[in-house]
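The values are calculated or read from the model by the stated rules, or taken from the named source; none is laboratory data. Here the structure is a predicted model, which means the values were calculated and not measured. Quick reminder, even Gly has a Cβ in these numbers, built from the backbone with ideal geometry, and neighbours come from all protein chains shown.
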Amino acid sequence: MSNIVRAALVQTEWTGDKESMIEKNIDMARKAAADGAQILCFQEIFSSRYFCTTQDPRYYDEAEEIPDGPTMQRMIALARETGIVLVVPIYEKVDEGTFYNTAAVIDADGTFLGIYRKTHIPQVAGFWEKFYFKPGNTGYPVFDTAVGRIGVYICYDRHFPEGWRALGLAGAKIVFNPSATTRGHSKYLWELEQTAAAVANEFFVGAINRVGAEGLEDTDYYGTSYFASPRGQIIEGTGSDTTDDVVIRDLDMGMIEEVRRHWAFYRDRRPETYASLSE
């Protein structure tokens, strides 16, 4: 018997200020919920522009506490209002000088389930993230939500196969990867890597990218958010590459067992031969 989860991804262009950006994303989430979405993920650091193209300490002021900060409290209220599971990527402040690139997971009744902190932090031209974020220390948690077990990976993480596999082994059925990546930098990889991760680990992947320009150098985000199936196929096409979009797709959870019985990658793993990978 099929078990359909109606899932949504939100990609939005920077509005110019934090308050209107949050309001726009809330409005899009409400519309997704009205269209039957049961779970939704926003883009990386959704409430602000992607400021990591420059190294400027004034952007430290964008960080907020989780879950007690004002944005997260609004997201908790939104989940409770709409009855939708929310994955909320945000710039997290732990204390003065300690910041993470984080995604919070809120259940459909507004229960705060926990966080994932981005593990792999780039420091290359256009992506000066080590200036802003400490490497994550959460490991690869999975979250038991109203729609099933999910995981989160964030942007640059997607280039590292080990975390995808850790999430699959922990039972994740959908893994969301909120991102901020530009057309000239990664477009040729965007529909390759995450579909490959979906088929290699036999789960659904929700790939979210920002869209548009944000008034900073090297900010040509190309959207095209999508869901990949456990067969490694993009489900009913991608979102727009130029404008705001909400990508809503029906994910048949029954496909996971079907694919795992066919390919049996988990059965045929040989972890006793992989020790050198962590040495």
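Of the numbered criteria (1) under 22 Å from T15 (Cβ atoms); (2) of a type in the set (V, I, T); (3) in contact with a Pro (Cβ under 8 Å, 6 or more places away or on another chain), the one T54 fails is (3).
Take the conditions (1) within 27 Å of T53 (Cα to Cα); (2) more than 14 Å from the chain's Cα centre (by Cα); C155 misses just one of them, which is (2). Within region 14-39, residues that are assigned to a helix (DSSP H, G or I) and crowded, with 18+ Cβ neighbours inside 10 Å sit with their Cβ atoms under 7 Å from residues that are modelled with pLDDT of 95 or more and of a type in the set (F, W, Y), at 6+ positions apart or across chains, in these pairs: M21/W14; N25/F42; N25/F46.
When M21, M75 are screened for being farther than 16 Å from S179 by Cβ, in contact with a strand residue (DSSP E or B) (Cβ under 9 Å, 6 or more places away or on another chain) and aliphatic (A, V, I, L, M), only M75 passes.
Conditions tested, residue by residue: (1) surrounded by 18 or more Cβ atoms within 10 Å (Cβ to Cβ); (2) farther than 27 Å from K31 by Cα; (3) of a type in the set (V, I, T).
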residue	(1), (2), (3)
L216	no, yes, no
Y226	yes, no, no
G239	yes, no, no
T243	no, no, yes
D250	no, no, no
A264	no, yes, no
D268	no, yes, no
P271	no, yes, no
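In region 112-124, the qualifying residues are those that are out of contact with any helix residue (DSSP H, G or I) (no Cβ under 8 Å at 6 or more places or on another chain) and touching a residue at least 24 places away in the same chain (Cβ under 8 Å), and the one that is nearest to L167 (Cα to Cα) is Y116.
Residues that are outside any loop (DSSP other than H, G, I, E, B) and either of a type in the set (K, R) or touching a Pro at 6+ places or on another chain (Cβ under 7 Å) (or both) within region 201-246 comprise F204, I208, listed in sequence order.
Would you check which residues across region 1-13 are modelled with pLDDT of 95 or more and assigned to a loop (DSSP other than H, G, I, E, B) and list them?
Answer for region 1-13, where residues must be modelled with pLDDT of 95 or more and assigned to a loop (DSSP other than H, G, I, E, B): T12, E13.
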